[in-house]
Amino acid sequence: YRTDYIPLDQIPVWKHPGAASAEPIYKANDELNRKISVFRGDITKLEIDAIANAANKTLLGGGGVDGAIHRGAGPLLKRECSTLGGCETGEAKITGAYGLPAKYVIHTVGPIAHGSVGEGERRALRECYYNCLHTATKNRLRTVAFPCISTGVYGYPPEQAVEVALKTVREYLEEHHMDRVIFCVFLKADEELYRNRLPAYFPQG
Ligand code: AR6
């Protein structure tokens, strides 16, 4: 019996900081605000409908969050992934989660940025978030956790990636039914980035 799994009901909904906050970009919508969480820790521990994986085009595993997901899931994950014919940048493909507490893993491949981004990289990163959410919707899944796609090995600047992540999720939630989206950050600096920028995309009503 595992005791290190984190059920969704133990992850608080993001709390608006109140007075000092970023300039709003979108209209306030408290209903949407209640669908967002920032969780700092290991995405492989989350008991949720789906976790997104920042994979590579082979889908056969790697380092970073991809390595952690494959280690946690066990070898059957790689076996299923090997039947999928890889994944293009910006695409998303769903598999079982095997030994993980999540129900599914949605694999996506972020753009390789190496420190500088143009419109192509931005569009590709948007597609990652959008296609993961769309894959969740198509599979009737209502709760999804995202790592900070592309901001590790792939070198996408985190302070630019957070804008794409928050904008894409905000726009998706406006148009589709989803119960919870968790931004699963691993680094303290990323937690601060998300908490600082969330009020721009999810202002208080
Ligand atoms: N849970 C949540 N986030 C994590 C975890 C974890 N267990 N471990 C790391 N992170 P990266 P990328 C964070 O490099 O940049 C792989 O080799 C990490 O701190 O995992 O998209 C793939 O096979 C960072 O914030 O993904 C590809 O070849 C974020 O996850 C390549 O890396 C993403 O970092 C993909 O690179």
Top-ranked residue of region 71-101 - restricted to ones that are within 28 Å of residue 159 (Cβ to Cβ) and under 16 Å from the mean Cα position of the chain (by Cα), ranked as surrounded by the most Cβ atoms within 10 Å (Cβ to Cβ):
92
Quick check, is residue 125 away from the ligand (no atom under 16 Å from the Cβ) and not β-branched (Val, Ile, Thr)?
no
Cβ contacts < 9 Å: first residue closer than 19 Å to residue 178 by Cβ and at pLDDT 90 or above, restricted to region 8-24; second residue part of a loop (DSSP other than H, G, I, E, B) and among the acidic types (Asp, Glu), any location; separation 6+ or different chain. Result?
8/49; 8/179
Of the conditions (1) surrounded by fewer than 20 Cβ atoms within 10 Å (Cβ to Cβ); (2) under 16 Å from residue 57 (Cβ atoms); (3) hydrophobic (A, V, I, L, M, F, W, C); (4) free of Cβ contacts under 8 Å to residues at least 60 places away in the same chain, residue 189 clears all except one; give me its number.
(2)
Taking region 21-76 on its own, how many of its residues are assigned to a loop (DSSP other than H, G, I, E, B) and either among the charged types (D, E, K, R) or under 23 Å from residue 3 (Cα atoms) (or both)?
10
How many residues are more than 12 Å from the ligand (Cβ to nearest atom) and either of a type in the set (Val, Ile, Thr) or crowded, with 24+ Cβ neighbours inside 10 Å (or both) if we restrict to region 130-164?
8
Residue count, region 30-70, condition more than 8 Å from the ligand (Cβ to nearest atom), surrounded by fewer than 19 Cβ atoms within 10 Å (Cβ to Cβ) and without any contact (Cβ under 8 Å) to a residue 12 or more places away in the chain, comes to 1
Condition broken by residue 112, with the remaining ones in (1) over 20 Å from residue 176 (Cα atoms); (2) away from the ligand (no atom under 11 Å from the Cβ); (3) surrounded by fewer than 20 Cβ atoms within 10 Å (Cβ to Cβ) satisfied:
(2)
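The values are calculated or read from the model by the stated rules, or taken from the named source; none is laboratory data. This structure is a prediction, so every number in the text was calculated from the model and none was measured. Virtual Cβ from ideal backbone geometry, glycine too; neighbours counted across all protein chains shown.
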